[in-house]
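The values are calculated or read from the model by the stated rules, or taken from the named source; none is laboratory data. Remember, it's a predicted structure, so these values are computed and weren't measured experimentally. Neighbour counts are summed over all protein chains in view; Cβ atoms, including those assigned to glycine, are modelled from backbone coordinates with ideal geometry.
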C-alpha cells in the first residue's frame, strides 16, 4: 500500500509539472508574458534539467523586455545541453536589442564556428537590421554562407571555373554552336547546355567528388550519346577526362576530352577517340570557345 501511495504521488507530481509547462506554453500563445514566466519558473523548480523549458523561459523574458534574465535563462539552457546554435543566435538577438554589438558579434561568430549555415535568415532578421552595414556583421554572415555552401571557396571545386560563361563555339572559322556554362547554387556543380543550329543538342553536369578526389562529367546528347567522363589530368587552366563510349554501331571505344584555358581567355575543347584502349588517339572535335559579349 505504501509503495502504491508513493507511485501515485510521483504520478501526481509529474502530471502537475506537465500541466504547469502546458499552462506556460498557453500563456505564451496568448502573449501573457508575466503569467508564462511564473509557470515556467514553477515548473523548472522540479524539472531543472529540462533544457527546452529554460530556453522557452529565456524567450519569454525577451518578450517581457527582461533581457538580462533572458540571457541567464539561455545560459542555463546551454548548461543543460540545449542546441548551442539556438542559444548563440537567440543570445545575439538579445545583445542586438541591448545595442551591444561586440557581444552580439561574439555570439554570431560562435554559431558560425559551430557550422551554422542560415546566413539568409540572419541577414534578414529584423533584430540585426541596424547592423547590416557593419563590416564585422557582413564578415560573420559570409562565414555562415561558407558553412551553407562550402564548395564556393574550396580550391578543388573551383578548378573548372574557367569554363563558366556564355560561349560561341567555333571549329576553325565556322560557328558550330552555343554553349551556356553555369554554376549550380552553392557552387558544387557546373551545368552545360549546348545547342547547335541543327537538330543536335546536349547537356552535362560536372562536379568534383571528394571521395575519389576527381572531377566527373556526365553528358547526354540528343542523339542518344552518353559519356561518363572521369578526370585523368588536372593542371592550372587544364582539365582532362576519359570515358567509354558506344558508337552507333554498338562498338565500345575510348573517348578523351580536354579543356584548356588559352592566353586570350578563349577555351579549347578537344575530343579524341581511341579504338585500341588508349594506345593511339585521333582527334574527333577541336572546338574554340569565345565569350559572348
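Values as computed for the structure displayed
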{"quantity": "Qualifying positions in the range 140-153 - in a helix (DSSP H, G or I) and either assigned by TED's automatic domain parsing to the domain that holds residue 185 or closer than 30 Å to residue 206 by Cβ (or both)", "calculated": "141, 142, 143, 144, 145, 146, 147, 148, 150, 151, 152, 153"}
{"quantity": "Failed condition for residue 163, given (1) over 20 Å from residue 231 (Cβ atoms); (2) touching a residue at least 60 places away in the same chain (Cβ under 8 Å)", "calculated": "(1)"}
